Amino acid sequence: MKELFRNRNFCFLFFANLFCGFGQGMTMIGISWYLVESTGSASLLGTTMLISAILTLLFGPFTGTIIDRVSRKKILQMEQLGGFMALALLSVWGWCFSSMP
């Protein structure tokens, strides 16, 4: 184990993963906290987490095989395109409905 930590690249990878995991955990706590505070109820959070877990269990094995068959570049491009489209849709939706009384 000491030999691994003597390797500089491994140390960078290890600590980057450590800090990334910490950031993701804090983000999940923040999102959950905001959802409970804004709705005043934990039932929406529980329902959202249950649906997310079920979808992950159902579609996880299929996405794993798809990821193995398709090139990484195409997957990243599709992910970026999907994220852009979702952000654009939410922005337009927020802009259209924010001016309503």
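The values are calculated or read from the model by the stated rules, or taken from the named source; none is laboratory data. For clarity, every value in this text was computed on a predicted model and none was experimentally measured. Reconstructed Cβ throughout: ideal geometry from the backbone, glycine too, with neighbour counts over all protein chains shown.
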Residue match in the range 69-81 (condition: surrounded by fewer than 11 Cβ atoms within 10 Å (Cβ to Cβ) and hydrophobic (A, V, I, L, M, F, W, C)) = yes
Between a first residue in the range 58-84 that is outside any helix (DSSP H, G or I) and a second residue that is surrounded by 11 or more Cβ atoms within 10 Å (Cβ to Cβ) and at pLDDT 85 or above, which pairs have beta carbons less than 9 Å apart while being 6 or more apart in sequence or on different chains?
-> Val70/Met78
Just give me the residues in the range 1-18 being surrounded by 10 or more Cβ atoms within 10 Å (Cβ to Cβ) and modelled with pLDDT of 85 or more, in sequence order.
-> Asn7, Phe10, Cys11, Phe12, Leu13, Phe14, Phe15, Ala16, Asn17, Leu18
Is there any pair with a first residue in the range 20-41 that is under 18 Å from Ser52 (Cβ atoms) and a second that is at pLDDT below 85 and part of a helix (DSSP H, G or I) whose Cβ atoms are under 6 Å apart and which are 6 or more apart or on different chains, and what are they?
-> Ser32/Leu45; Leu35/Leu45; Val36/Leu45
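Answer yes or no as to whether Ala53 is surrounded by 10 or more Cβ atoms within 10 Å (Cβ to Cβ), of a type in the set (A, V, I, L, M) and either at positive phi or touching a helix residue (DSSP H, G or I) at 6+ places or on another chain (Cβ under 9 Å) (or both). Give the derivation first.
Values: surrounded by 10 or more Cβ atoms within 10 Å (Cβ to Cβ): yes; of a type in the set (A, V, I, L, M): yes; either at positive phi or touching a helix residue (DSSP H, G or I) at 6+ places or on another chain (Cβ under 9 Å) (or both): no.
It is false that Ala53 is surrounded by 10 or more Cβ atoms within 10 Å (Cβ to Cβ), of a type in the set (A, V, I, L, M) and either at positive phi or touching a helix residue (DSSP H, G or I) at 6+ places or on another chain (Cβ under 9 Å) (or both).
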